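Everything below concerns the one structure shown next.
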Amino acid sequence: MAPGMANTSHAPVVLNPLTPIGLRDADSARARTLAYALFSNLLASPFDAKVSYALHDLVQQLADTTHVLPFTFDLSDVEDAAKAFDDADMGLIRRQYSGLFEVGSDGPPVPLRAELVRTNESVAKEEIIRFYEHFNYALNPSFQWAPDHLSILLEFVQTLAHQESAAADARALLSLQLAQRDFVARHIADWMPGVMDRLSRNAQQSSFFGAVVTALNRFIRADLAWQNQSLDASVEGAR
Amino acid sequence: MNAIDRRAFLAAATASALVTNLKYAAAQDAGKPAQAYRRFEDLYRNKWTWDRVSRGTHGTNCAGTCAFNVFIKNGVVWREEQQAMYDGHADSDTPDYGPRGCQKGLRHAKYMYGKQRILYPMKRVGKRGEGKWERVTWDQAAREIADKFLDVSAESGPQAISWGSGTQMSVKVASYSALARFANISGVTVPEFYSGVGDLPTGVYMTVGQVYLGDVMASVYKSKCVLVWMANPAVTRIPDAHFFWEAKYNGTDVIAISPEFTPTAMHSSMWVNPKPGTDTALAMSMVHTILEDKTYNAPYIKEQTDMPFLVRKDTGRFLLGTDMSIVGKLAVDENVFYIWDQKTNKVVQAPGTGMAEKPMNRERRKYESIALGNLDPALEGTWKVDTLDGEIEVTTVFEILKKHAAEHSPEKTQSITGVHPSVVKNVARKFAAAKPGMIYSGYASCKWLNGDMLQRAMMMLLALTGSTGQEGGGIQFANAPKAGGMLAFAFADVGPATRIVSATTWDYDHGKMKDLNEQVYGKELAERCDAKYKESVREAYFPKYHEKGWRMGFFMGNNGANWRASGKKWREDAFEKLEMIVALAPDMGVTPFYADYVLPIAHHYERADIMFQSRTPYIQILDSAVPPLGEAVDDWDAIYIISKAISARAKERNIKSFFDDVDGRSVHRDPQRYHDLYTMDGRIRSVRDVIQFIINTTPGVPKMSFAEMAKKGIVRVDDSDIAAWNGDNSPYHNDVFRCVRDKRPYETLTGRQQYYVDHPWFLEDGEQLPSHRAPMRIPGYPMQFMMGHARHGIHSMWRDDHLLLQLQRGEPDIYINPKDAAARGVEDGDLVRVFSPLGEFFVNAHLSNGIQPNMLFMYHGWDPMMFKNRQNFGAVITTAGLIKPTSVAGDYGHLGYRVLAFAPNQTYKDFTCDFELAERRNQSAKT
Ligand code: SF4
């Protein structure tokens, strides 16, 4: 194990006893694809021309998606926070996003790049790149400088989940499931506490984006717990 | 949701654009494993390979320009490694330059991704200094900045807009050329920071009419005795320090002279520690020893210096042609100086003097000679000569110097310097015996109010020993490239129309610095500084660019609010009064913090440029290892965007062209054309075109394409065969070397190395020869505050890097003698409050016996953002208003404002302060 990395088999998440364990099938993969895609979009920079940023649509879609996830997940905080937003007011959305995640006098208040939050620097970034290469995930040149941006990490998991939903054979399926679990544990869940800690000190910057990050933190923990449980029986033995 | 609905919903949603159109990934089949994945260890089975290895360095003015290979994969810089492949000095008996590097450079691949990076254009949304920002687009920022630019330019003239550059871009020659071009086109004022940071060796300029004296570092190895004076190369010149130690092992005496025990002193052959600010007394007592011992090089000083020149005893002025004949009086033959020829026992015109024009810019001088031929000038004696004023007594500069030096005998200066006479004599004798001797001087000498006299004394030591103009000898400041290529680029198609002003006087005018002088140093001094400066402007020795006020400031790679002397006052009275502040920088610091717009600039590995550094015989290339991070752009592009917005808005607002008075010349300026002019009507498309222009037009640069140069990374310059810049085809200044070698007149009033300055202001202040002046002190404040460049940062860059901070105390610290600390109840590690009449700052106490009592020492560069209350040492430095009268003198041959050559330095050292315990942090002290 690379130094400083979380041990994936013992990721520090506790499964909510009320959470039903859904079947791990193509539908669960599709649902999770959607959830990761939506979180990725919600945490993409609204300055980026590539992002279609209809905020209420995104929140609504995510709310719809919670009903099809293989575990229960509540998005009401985000839905409430979104009510304060006028979708047309792109200026407000941009101000709140950039003020929280992109600009600041001592770096952004809540950086979304892993290397600004964790301390083991390039060791983790190298592994992210190795994951990307292994799974044929090549970034467009304009985003290459920030491979550890949370929105990009989420998109990567989205692609793995998407491939899982269409996997043709058990071998590929297994690869994709194991990779998702390891990647989420080692490269998202491990530094989310740092993000939450910063958020707690800067929550006033944006109640909406604060709610999104908080929801994501819960989602990642629940998803990881679900992945661990749904993998343990079928996969751990197999490998 | 029932099962069918669920499936339908998922099928539709996962087929939607949201899922199928990836935002970041290029490949749409992303996510498919190339090989099976079982555990993360599988990822490490494939060998890590690089996509590209690029050439680069760190384009800050560390003076290193070390060649690095920069390793890139997937658009990320992962690491750098020293490019060791230097070719060895052609003169093979000197050590090699490679590999070069330091810990900052080897940290840059991480630092460039650090949280301090400015990645997007930002606009202030709170009050100035409140730290509230919003990200804006380049378009919005450029448009709003352009509108203000046009308003100020129309209402007050472009001179009310400053565009300062700093160490982050000024050594990147192509980038600096871009700024020079835009400043020339638009007429904005460029406050120059050579004098503005107190780095201008004015004493050297007074002596030889040049400031660019310095050779490659291998010259150190060629010296027989190096005085490392007010310099600390073991810390500040890490890639080159080995030359000193190799020289030492080769038999050279390396003698460190500094009040504090530096890492350089630790490794030197000998350490001399005068009290702070008494170095001129020490230097003059060494001069005295050499004169007493008669170990001076008489032929050299007779030919190369003004020491044999005759001086009227009645007036203390040089004996001139105008004293001697009516023809001279009519100024037909100005500046004729005389010697006493011992062969004929007569007054004779000194060769190479007597020009019809003033000495500056006279091409004629190249064809004249100072060779003495059959003359044998007397150095000592007194004679009577007939003049238009009747018979008068004359003597020589040398004779006057002897008497003057006697006032600085080692016995007399001991009480001033604290250095025992036997030590002074020992060093002076070693130096006189060395052939040649070298003085490796730091810029600290420029930062004392009377540092010019120290430099004049240093030059005198070098002249007496015949060391200036010899390989391995002379004074060593940094040389600079001949400006040919850069100026050609700045002026192409438009001609010269630039306003460059010393940042010292600019700040004096705009920062109410006269009030500060009065508050700290008293009315008399304040009035005198002010009167002389005003007289200088009135007499047109100095330009008056300040008259239209200062309304808008661009700070490009310039952290001015960090390092201005009296920084707190400057910030409050000048900087924060600006109607608009635009900071263009790669990293956050106190200047961007107070800005209205902060524009992101590419860091070293994200841009192309060409670097000249006279300490090595190589040019170094920066070759865009990766594109700029976020929305950063290089300096060329930043000005491109802003000039484009200015011209576009000028057209939309129908702003007409105007005539602008620059130094009495009427210059036509057309904001609608600024952008086209900047790009030479589209012929220059990027910084790479600028670099090629510089390569093609700079003397001494091997002619090749930038692409070829970038492949190599380092390219040896022309005329670099020996360890001195003596060749006419080198890219660096060799004027003084040529004067010595070819016996050509110097660019001084006397055409010689000039040690006697008979300008009335110099005579008034008793500065016709270098003399010791006690450093200025503030009554009731006992601690002399000293600073030096740091090991772990270059100016404010890298100072905040967390790994480099781990190599220090993790926060700004100040060195204190244990006795001073004990007297105030301070223990090592405590937080102390340092204060002067101007202000206070808080800093970690670092107790050290290497620091003299009554002295504080701090490595500089710490950004105010790293301190409590956002105040660094600038809060206590009281010297920003000290304009030395003789440094604004004019109408005297080479003396008079000359850009990057003669201007008053910002001084930083002539003040005292005190300190007290602020917070007990030392655990042992608690028990
Ligand atoms: S920072 Fe300067 S001295 Fe250090 S490695 Fe880079 S170029 Fe060399």
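The values are calculated or read from the model by the stated rules, or taken from the named source; none is laboratory data. A quick note: this is a predicted structure, and the numbers were derived from the prediction, not measured. Because the Cβ atoms are built from the backbone with ideal geometry, glycine has one as well, and the counts that use them run over all protein chains shown.
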Exclusive hit being of a type outside the set (Ser, Thr, Tyr), in contact with a Pro (Cβ under 8 Å, 6 or more places away or on another chain) and crowded, with 23+ Cβ neighbours inside 10 Å, set A:Leu153, A:Leu176
A:Leu176
Those residues of the stretch B:238-264 which are more than 16 Å from B:Met787 (Cα to Cα) and buried (at least 20 other Cβ atoms within 10 Å of the Cβ), in sequence order:
B:Pro239, B:Asp240, B:Ala241, B:Phe243, B:Phe244, B:Ala247, B:Thr252, B:Asp253, B:Val254, B:Ile255, B:Ala256
Report the residue count in the stretch B:193-239 for those that are away from the ligand (no atom under 16 Å from the Cβ), within 26 Å of B:Glu767 (Cα to Cα) and not in a helix (DSSP H, G or I).
15
When B:Arg79 is run through (1) at positive phi; (2) in contact with a helix residue (DSSP H, G or I) (Cβ under 6 Å, 6 or more places away or on another chain), the failure sits at (1)
Can you find a residue in the stretch B:85-98 that is touching a Lys or Arg at 6+ places or on another chain (Cβ under 7 Å) and within 11 Å of another protein chain (Cβ to nearest Cβ)?
no
When only residues in the stretch B:790-815 that are within 13 Å of the ligand (Cβ to nearest atom) and surrounded by fewer than 21 Cβ atoms within 10 Å (Cβ to Cβ) count, which is nearest to the other protein chains (Cβ to nearest Cβ)?
B:Asp801
How many residues of the stretch B:745-772 are charged (D, E, K, R) and buried (at least 20 other Cβ atoms within 10 Å of the Cβ)? The answer is 4
Could you list, in sequence order, all residues of the stretch B:786-815 that are assigned to a strand (DSSP E or B), over 17 Å from B:Pro864 (Cα atoms) and touching a helix residue (DSSP H, G or I) at 6+ places or on another chain (Cβ under 7 Å)?
none
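Quick grid of which residues meet (1) in a helix (DSSP H, G or I); (2) at pLDDT 95 or above; (3) more than 30 Å from B:Glu399 (Cα to Cα):
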| position | (1), (2), (3) |
| --- | --- |
| B:Ile439 | no, yes, no |
| B:Gly472 | no, yes, no |
| B:Gly495 | no, no, yes |
| B:Lys532 | yes, yes, yes |
Show the residue pairs meeting these rules: Cβ distance below 6 Å; 6+ apart or different chains; first residue within the stretch B:750-775 and among the basic types (Lys, Arg); second residue surrounded by 18 or more Cβ atoms within 10 Å (Cβ to Cβ) and outside any loop (DSSP other than H, G, I, E, B).
B:Arg752/B:Thr305
Which ranges mark the helices (runs of 4 or more DSSP H) fully within the stretch B:622-701 that have 2 or more residues being over 23 Å from B:Val171 (Cβ atoms) and of a type outside the set (D, E, K, R)?
B:635-652, B:674-678
I'd like to know if the stretch B:568-583 contains one or more residues that are of a type in the set (Gly, Ala, Ser) and in a helix (DSSP H, G or I).
no
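Among the candidates B:Asp293, B:Asp314, single out the residue that is in contact with a helix residue (DSSP H, G or I) (Cβ under 8 Å, 6 or more places away or on another chain), of a type in the set (D, E, K, R) and at pLDDT 90 or above.
Working: B:Asp314 fails: in contact with a helix residue (DSSP H, G or I) (Cβ under 8 Å, 6 or more places away or on another chain).
From the options B:Asp293, B:Asp314, the qualifying one is B:Asp293.
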Select, from B:Ile646, B:Ile695, B:Ile639, the only residue that is surrounded by 24 or more Cβ atoms within 10 Å (Cβ to Cβ), touching a residue at least 60 places away in the same chain (Cβ under 8 Å) and within 27 Å of the chain's Cα centre (by Cα).
B:Ile639
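For B:Gly129, state whether it is within 14 Å of chain A (Cβ to nearest Cβ), at positive phi and either surrounded by 21 or more Cβ atoms within 10 Å (Cβ to Cβ) or away from the ligand (no atom under 11 Å from the Cβ) (or both).
On the way: within 14 Å of chain A (Cβ to nearest Cβ): yes; at positive phi: yes; either surrounded by 21 or more Cβ atoms within 10 Å (Cβ to Cβ) or away from the ligand (no atom under 11 Å from the Cβ) (or both): yes.
Answer is yes for this residue.
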Test: residue in the stretch A:157-165 that is in a helix (DSSP H, G or I), at the interface with chain B (Cβ under 8 Å from one of its Cβ atoms) and β-branched (Val, Ile, Thr):
yes
Just to be sure, is B:Tyr44 closer than 19 Å to A:Pro147 by Cβ, within 51 Å of the chain's Cα centre (by Cα) and within 14 Å of chain A (Cβ to nearest Cβ)?
yes
